[in-house]
Amino acid sequence: MKKCPLCTVHEDPEQRIVFENEYCLFIQKKSEQEVLEGSGLIIPKAHRENVFELSLEEWNATYDLLHRAKEFLDGQHSPDGYLLGWNVGKVSNQHLDHAHFHIIPRFNDEPHAGKGIRYWIKQPENKRRTEPNN
């Protein structure tokens, strides 16, 4: 099995651990800061493939770091809003098989301001081509 980049985040000079608690880390990737200013991930320290595998302690730790991240990002970047989300499975754009919670500050002067997490999947061209099985 290939080494999980989120299990070895401390070995990657691109990743910065902003803060942590007993169960989770809040990290930022340097190369993503130019376009997604302030964006980061909350990840469990233990390898969990997706959000459905988190323990109650990891959920509570994620909640704690989410509020710490918001306070930090509000102070550093003064965003006008946030996009928050989990991707589960390849069809939903989960490219790393380690649970990660996206925290993306949003700004009124962005070209895609007002287009949130569901905007792209609500477009008519995203309609399924076949009827689902009943």
Fill in the blank from the handout: The answer for LEU83, listing residues at least 5 apart or on another chain whose modeled amide H is closer than 5 Å to its amide H, is ILE104, ARG106
Fill in the blank from the handout: Cα extents of the chain along the principal axes, largest first, in whole Å, come to 45, 41, 28
Practice task
Among the GluC sites (Glu not before Pro) in region 18-64, which ones are in a DSSP loop with at most 15 other Cβ atoms within 10 Å of the Cβ? Mind listing them?
Solution key: GLU22, GLU34, GLU49
Handout entry: Per DSSP, loop chymotrypsin sites (Phe, Trp or Tyr not before Pro) in region 42-125 with at most 14 further Cβ within 10 Å
Key = PHE107, TYR119
Fill in the blank from the handout: Phi-derived 3J(HN,Hα) across region 110-117 with the Karplus relation (6.51, -1.76, 1.60, θ = phi - 60°), rounded Hz, x for Gly and Pro, is 6, x, 9, 4, x, 9, x, 4
Fill in the blank from the handout: Computed, not fitted: 222 nm per-residue ellipticity of the chain from DSSP H runs ≥ 4 (each -39500 (n - 2.57)), nearest 500, equal to -5500 deg cm²/dmol
Handout entry: Partnerless cysteines, meaning none of the other Cys C-beta atoms lie under 4.7 Å away, in the chain
Key = CYS24
Completion exercise
Per the charge dipole of the chain (beta-carbon charges, Lys/Arg positive, Asp/Glu negative, Cα centre), the residue among SER55, PRO124, HIS100 reaching farthest to the positive end is PRO124
Practice task
Return the long-range amide H neighbours of PHE19 (sequence gap of 5 or more, or a different chain), with a cut-off of under 5 Å between placed amide H atoms.
Solution key: PHE26
Exercise for the section: Along Cα→Cβ, 7 Å out, is where each label goes; now give me the distance between the ones at HIS112 and GLN33 in nm to one decimal. Expected result: 2.1 nm
Exercise for the section: Report the charge-dipole magnitude of the chain in Debye, nearest 20, computed about the Cα centre from +1 at each Lys and Arg Cβ and -1 at each Asp and Glu Cβ. Expected result: 600 debye
Practice task
Read phi for every residue in region 2-18 and hand back ³J(HN,Hα) as whole Hz from Karplus 6.51 cos²θ - 1.76 cosθ + 1.60, θ = phi - 60°, with x for Gly and Pro.
Solution key: 5, 5, 6, x, 8, 7, 10, 4, 5, 8, 9, x, 6, 9, 10, 7, 7
Practice task
List the relative contact order of the chain as a percent without decimals, with contacts defined as Cα pairs under 8 Å and 6+ residues apart.
Solution key: 23 percent
Problem - Qualifying trypsin sites (Lys or Arg not before Pro) in region 51-134, DSSP loop, other Cβ atoms within 10 Å at most 15 - result: LYS115, ARG118, LYS127, ARG128, ARG129
Practice task
Run down the lysines and flag those whose C-alpha is under 21 Å from the C-alpha of LYS30, throwing out any fewer than 8 positions away in its chain.
Solution key: LYS3, LYS45, LYS70
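Any read-out appearing in this document is the output of simple, stated calculations on the displayed coordinates, not a laboratory observation. Every value quoted in this text rests on a predicted model; they were computed, and no experiment measured them. Note that we place each Cβ from the backbone using ideal geometry, even for glycine, and neighbour counts take in every protein chain shown.
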